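Asker: Let me give you the structure first, and then I'll get to my questions.
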Amino acid sequence: MNLLSFYKNFPDEDACIKHLKEQREQAGIVCSKCGCTHHYWKSYRNQWQCKQCGHRTGLKAGTVMHGSNLPLLYWFIAIHLLTSTKKSFSAAELQRQLGHKRYQPIWELLHKLRNVMGQRDAEYKLVGSIELDEGFFSTSVSADERNKPRKRGRGSQAKTKVLVMAESTLQEPNKRFNLDKAVGHIKMIVIDDLKSKTLDSNVIKFINNESELTTDDSTSYVNFKNIVNSHMSQVVEPKMISKVLPWVHIVISNAKRLLLDIFHDIKPEFLQNYLNEFCYKFNRRKLDVFERLMHSCVSYRTEFKHRYYDNKIAV
């Protein structure tokens with residue numbers, strides 16, 4: 001959906017209310033008190049009333065917008081901006097575009113949307129031929145670590161570890177990218193360490209056990225052969241990365257560029273939300289992402305908890 005189409009379809013708050021109502025009724029309204037699925041719509045309150053027990057359900061109740069006092073138009077604009085481009089929007093930029101006085105509610109709004117994106121993608125496992133590797137993303141250092149000697153390499157306090165997985169199948173060489181593999185869906189998961197136990201649990205959770213896994217020869221991958229159908233590990237020279245593990249490194253590079261567009265000092269605890277956004281849009285790059293995200297917003301209630309930061313340290 002381009003900008004002109006968006007403002008044609010959603011020119012004001014009433015249009016947003018109408019669309020959200022249609023989305024919720026299509027998904028089905030279930031009374032939280034008695035479980036009844038038959039309701040009356042109370043337009044003057046923007047609520048449904050249960051025909052059986054009389055309990056009322058608000059328009060935002062049980063959705064990503066639950067408990068929010070922001071106008072629906074703000075939410076719709078944020079969803080449009082997040083889904084209309086491969087890049088992203090910082091909370092400060094969205095606040096400026098909306099003309100909202102306070103930074104905190106806009107920051108929370110974006111993180112709630114990103115959390116819902118992650119919940120939706122977590123419903124699916126990767127399948128088929130899959131590349132797997134780790135990426136190391138620059139993040140801010142906690143106050144406790146700032147005065148300690150800075151480690152180098154993988155163990156640096158300024159690097160957060162991310163497990164990256166990508167469906168990758170052989171194809172005719174692509175003239176544009178000079179690749180002989182086509183990418184399907186991807187997953188990027190923040191992990192605490194590179195121990196075999198940590199990696200094994202994530203492979204079990206996010207990869208179908210009938211899959212074929214391709215990795216480098218890291219000693220942390222020794223148990224993969226017992227988890228998936230087959231595991232091919234090999235020493236990968238830098239010049240061979242584009243042949244053996246092309247897509248995991250492409251998505252790592254693109255995700256890092258996305259983060260530079262948002263903020264230069266992301267806290268480790270929020271990195272997963274940003275990766276959720278990147279993966280969600282990548283996995284639906286050929287679909288109408290606006291309507292897909294709108295459906296997810298209606299179907300999932302955010303797990304993101306309210307946090308309090310000022311403009312200088314919020315990300």
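The values are calculated or read from the model by the stated rules, or taken from the named source; none is laboratory data. Predicted, not measured: the structure shown is a model, and the values here were computed from it. Here Cβ is always computed from backbone atoms with ideal geometry, including for glycine, and neighbour counts include all displayed protein chains.
Asker: With the checklist (1) in contact with a Ser or Thr (Cβ under 8 Å, 6 or more places away or on another chain); (2) in a loop (DSSP other than H, G, I, E, B); (3) exposed (fewer than 14 other Cβ atoms within 10 Å of the Cβ) in hand, flag the one item Glu210 doesn't pass.
Answerer: Condition (1) is where Glu210 drops out.
Asker: Look at the stretch 54-74 and say how many of its residues are hydroxyl-bearing (Ser, Thr, Tyr) and in contact with a Phe, Trp or Tyr (Cβ under 6 Å, 6 or more places away or on another chain).
Answerer: Matching residues across the stretch 54-74 total 1.
Asker: What tally of residues in the stretch 1-29 results from selecting those that are under 30 Å from Cys53 (Cα atoms), loosely packed, with under 14 Cβ neighbours inside 10 Å and of a type in the set (A, V, I, L, M, F, W, C)?
Answerer: Within the stretch 1-29, residues that are under 30 Å from Cys53 (Cα atoms), loosely packed, with under 14 Cβ neighbours inside 10 Å and of a type in the set (A, V, I, L, M, F, W, C) number 1.
Asker: Any residue that is part of a helix (DSSP H, G or I), at pLDDT below 95 and under 15 Å from His185 (Cβ atoms) - is there at least one of those in the stretch 256-271?
Answerer: Looking for residues that are part of a helix (DSSP H, G or I), at pLDDT below 95 and under 15 Å from His185 (Cβ atoms), one finds none in the stretch 256-271, hence no.
Asker: Shifting gears a bit: Given Leu194, Leu179, which one is in contact with a Lys or Arg (Cβ under 8 Å, 6 or more places away or on another chain) and modelled with pLDDT under 95?
Answerer: From the options Leu194, Leu179, the qualifying one is Leu194.
Asker: Quick one: Thr37 ticks every box in (1) touching a residue at least 40 places away in the same chain (Cβ under 8 Å); (2) surrounded by fewer than 16 Cβ atoms within 10 Å (Cβ to Cβ) except a single one, so which number is it?
Answerer: (1)
Asker: Please find, within the stretch 72-100, the residue that is nearest to Arg292 (Cα to Cα) out of those that are of a type in the set (Ser, Thr, Tyr) and without any contact (Cβ under 8 Å) to a residue 60 or more places away in the chain.
Answerer: Thr85
Asker: For the structure I just gave you, tell me whether Leu245 is surrounded by 14 or more Cβ atoms within 10 Å (Cβ to Cβ) and modelled with pLDDT under 95.
Answerer: Considered against the rule, which asks whether it is surrounded by 14 or more Cβ atoms within 10 Å (Cβ to Cβ) and modelled with pLDDT under 95, Leu245 comes out as yes.
Asker: Follow-up. Output yes when any residue across the stretch 134-141 is closer than 17 Å to Ser299 by Cα and either of a type outside the set (A, V, I, L, M) or surrounded by fewer than 23 Cβ atoms within 10 Å (Cβ to Cβ) (or both), and no when none is.
Answerer: No, the stretch 134-141 has no match at all.
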